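Note sheet for the following structure.
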Amino acid sequence: MSREEKAVTAARLAFETGRSKCVDYRIRQLKNLQRFLIERRQDICQAIKKDLNKSEVVCELFETLGLEEELGLAIRKVKEWAAPRPVQKNLMTIADTLYIKAEPLGVVLIIGAWNYPWAVTVQPLIGAIAAGNAAVVKPSEVCVHTAKVMEDLLPLYLDNELYPVVTGGVPETQKLLGQKFDHIFYTGNSAVGKLIMEAAAKNLTPVTLELGGKSPCYIDSKCNLTIACRRVAWGKFTNCGQTCIAPDYILCEPAMQQIIIQELHKAIKEFYTDDPKTCPDYGRIINQRHFKRIMNMMQDSTIALGGDNDEEDCFIAPTVLRDVKPDAKVMQEEIFGPLLPILPIGGLDEAIRFINKGEKPLALYVFSNDKKVIQKMRDETSSGGLLANDCLVHYSVSSLPFGGVGNSGMGCYHGKHTFDQLSHLRACLIKRLRLEAVNKMRYPPHTAKKLGLARFFILKKFNFGFIGYLLLFGALALLFALLIQKCFFHR
Ligand code: NAD
């Protein structure tokens, strides 16, 4: 049996013991994870520094802070999330008990990506634990040091059998995908997303695909450009542009292009100094393969700002490209690097047409002081998330579902959304073996009269207030009395 098969088999056996279903057990595991984040902060940050040159502050701000928040929320709320959720009744079920009960799915496979390796790998794990599942965690092999810390240290804190960490690259992931899971949660690019879905289809395993794509950013003429450009520069150049929801390109009217370039220049200088290469807050490209891919994208465009690079150091300066054409290389795929193309267009309508010609993005950004512009952009486009007058921050709001649509992914997570995503929301209807007279309308022989009653009971909608309920119960009592009387008389 391979290492991967052993891990999955052990996780399934552990799940079958039923211990992960106990809500107190889940809370204990979540608290252990909380302790892991506190006690092993140094190990986590050092690995991130080696993998992506993120400073300790940046590591905490973009990787672990969000996890701490999600853990706190899950620990506080898991009992409530796992409890039966009463639902509205209709006339047919007024005397019954109706609720949704979230139940664990079983064994979940979590496949993480490298750009925010802790955030995108541990965040689904928090939801998997809270929902009572077992979970096999496969960190991205691209973040060598982080994967090693996860493999070595997480098992010291978590139930090893229920939540094993399996490291490795494509062959190991494919071995995992050959096993049967109850859910696969994948974060990464769309091409691999299709392979994941193909493998999952063999066992009819549901998937969550957190993918990427080109997230557009429309800057309207009615807008404070200094603030807008500062926020766009932050969204784009954080983590060297290697953020799934980074604004991929800017759409604006031609007359605004030069001012936008000047404002971006000011913001870049403010954040990363005149020499981003020596600035501790500016990251690096993950590896030379990605360095070459990004450099190649610039070839047929005009550089307005930046462009400096160093292959040895995987460094590419914050770079702005001007007068970019839709058929330029940089517009053919997600950039996932620190290049910011500006495409001059004729205004809002043209921007909407341009966005709608492409795949549905993961995020869509619109900057404007005019509510009508924001509403029009919202109503006439589709994307995983829509954010007006800022970048990235919707990711940090756990009450908002985070996920893509179409080519940018399927399913969503964060906060309770992760819990629900990794649960089966079971419909429960508990009847008593009484009031059989009411059911006669559905039993043969079927008659027009019974159909009329059924139509009333199923289709009639009331907005019951207190008085309404009193009247309704009175009417039902009368109806039962009549039915019972009828039964006795006709026997
Ligand atoms: P990656 O190379 O780390 O791959 C992701 C995972 O897929 C890894 O664990 C890897 O082992 C596995 N994998 C790669 N090739 C595989 C194959 N052939 N078969 C099976 N498994 C395979 O990461 P990446 O794909 O370069 O990540 C970048 C992409 O992820 C971007 O498109 C980005 O937008 C997207 N992303 C999305 C989110 C989100 O939340 N939506 C978050 C981060 C990244």
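Anything in segment 257-280 that is of a type in the set (D, E, K, R), loosely packed, with under 15 Cβ neighbours inside 10 Å and over 30 Å from residue 222 (Cβ atoms)? List them, or say none. Those that are of a type in the set (D, E, K, R), loosely packed, with under 15 Cβ neighbours inside 10 Å and over 30 Å from residue 222 (Cβ atoms): 274, 275.
In summary, helices (runs of 4 or more DSSP H) completely within segment 1-78 and bearing 1 or more residues that are in contact (Cβ under 8 Å) with a residue 12 or more places away in the chain, more than 21 Å from the chain's Cα centre (by Cα) and closer than 17 Å to residue 165 by Cβ occur at 3-16, 23-39, 41-52. Being part of a loop (DSSP other than H, G, I, E, B) and not assigned by TED's automatic domain parsing to the domain that holds residue 51 holds for only one residue in 299, 258, and it is 299. The single condition among (1) charged (D, E, K, R); (2) within 23 Å of residue 113 (Cα to Cα); (3) more than 15 Å from the ligand (Cβ to nearest atom) that residue 172 does not meet is (3). Find the residue count for segment 79-127, including only residues that are within 20 Å of the chain's Cα centre (by Cα), farther than 13 Å from residue 423 by Cα and either away from the ligand (no atom under 16 Å from the Cβ) or part of a strand (DSSP E or B) (or both). Matching residues across segment 79-127 total 3.
Exactly one residue among 211, 195 is surrounded by fewer than 17 Cβ atoms within 10 Å (Cβ to Cβ), within 16 Å of the ligand (Cβ to nearest atom) and more than 14 Å from residue 320 (Cα to Cα), and that residue is 195.
Checked against (1) under 25 Å from residue 60 (Cα atoms); (2) part of a loop (DSSP other than H, G, I, E, B); (3) away from the ligand (no atom under 15 Å from the Cβ), residue 160 passes all but condition (1).
Checking the condition over 30 Å from residue 317 (Cβ atoms) and within 13 Å of the chain's Cα centre (by Cα), which residue from 379, 349, 420 passes?
The unique qualifying residue is 420.
Taking the conditions exactly as written (more than 10 Å from the ligand (Cβ to nearest atom) and within 30 Å of residue 231 (Cα to Cα)), does residue 206 satisfy them or not? Answer is no for this residue.
The values are calculated or read from the model by the stated rules, or taken from the named source; none is laboratory data. Computed from a predicted structure; not experimentally measured. No Cβ is skipped: glycine too gets one built from the backbone with ideal geometry, and neighbour counts run over all protein chains shown.
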